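Note sheet for the following structure.
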Amino acid sequence: KKSLLERGGEATTVTDAITGLYARALRNTYTEEYAASGAPVLPALVQSSAAKDIFDAALAQQNGEYYPMWSGQGVGLIHDLPGAGEVVETIVREARAVLEKLPARVKLS
């Protein structure tokens, strides 16, 4: 979450170095070093299996520089990432507000 909030849309790249299929992800040390290495990209899904030990170690160490973080170009528009509980509370609060105003807006004939 922190990486998404700290970076803008220009911080993404389209790469096949993660899974062997092109997809947009946050640019990080892994994507940059792989591109610079000139190493061939393995066939789809074999690529991610070959890098699994790198991704697993990065996840265990919470190191986003070597872990794939999928992201779209709109990442720069994200200003907060609330948890699921907060999202549900907001939806309930907004629904209650709409329902409270509904009787005044409905005309029974």
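Laboratory data are not the source of any read-out in this text; all were calculated from the coordinates shown. Model, not experiment: these values are computed from the prediction. Note that we place each Cβ from the backbone using ideal geometry, even for glycine, and neighbour counts take in every protein chain shown.
This model, with +1 at the C-beta of Lys and Arg and -1 at the C-beta of Asp and Glu, gives the chain a dipole about its Cα centre of some 680 debye.
Which shape class, rounded, prolate or oblate, goes with segment 57-107 when its Cα gyration tensor gives a ≥ b ≥ c as root eigenvalues, a/c under 1.5 marks rounded, and past that a/b bigger than b/c marks prolate? Cα axes put segment 57-107 in the prolate bin.
Relative contact order for segment 2-78: what percent, with Cα pairs under 8 Å and sequence separation of 6 or more? Before the final figure, lay out each step's value.
Numbers: 108 pairs, mean separation 33.8, N = 77.
So the answer I get is 44 percent.
Largest GNM mean-square fluctuation among Gln73, Gln62, Gln47, using the chain with Cα springs under 10 Å: Gln62. Using a Gaussian network model of the chain in which every pair of alpha carbons under 10 angstrom is joined by a spring, one finds that among Val98, Val75, Val88 the greatest mean-square fluctuation is at Val98.
Largest GNM mean-square fluctuation among Ser37, Ser71, Ser48, using the chain with Cα springs under 10 Å: Ser37. Ordered by the count of other Cβ atoms within 10 Å of each Cβ, fewest first, Leu99, Leu21 give Leu99, Leu21. As an equivalent ellipsoid, segment 2-78 spans semi-axes of 21, 15, 10 angstrom, where each value is the square root of five times an eigenvalue of the C-alpha gyration tensor, largest first.
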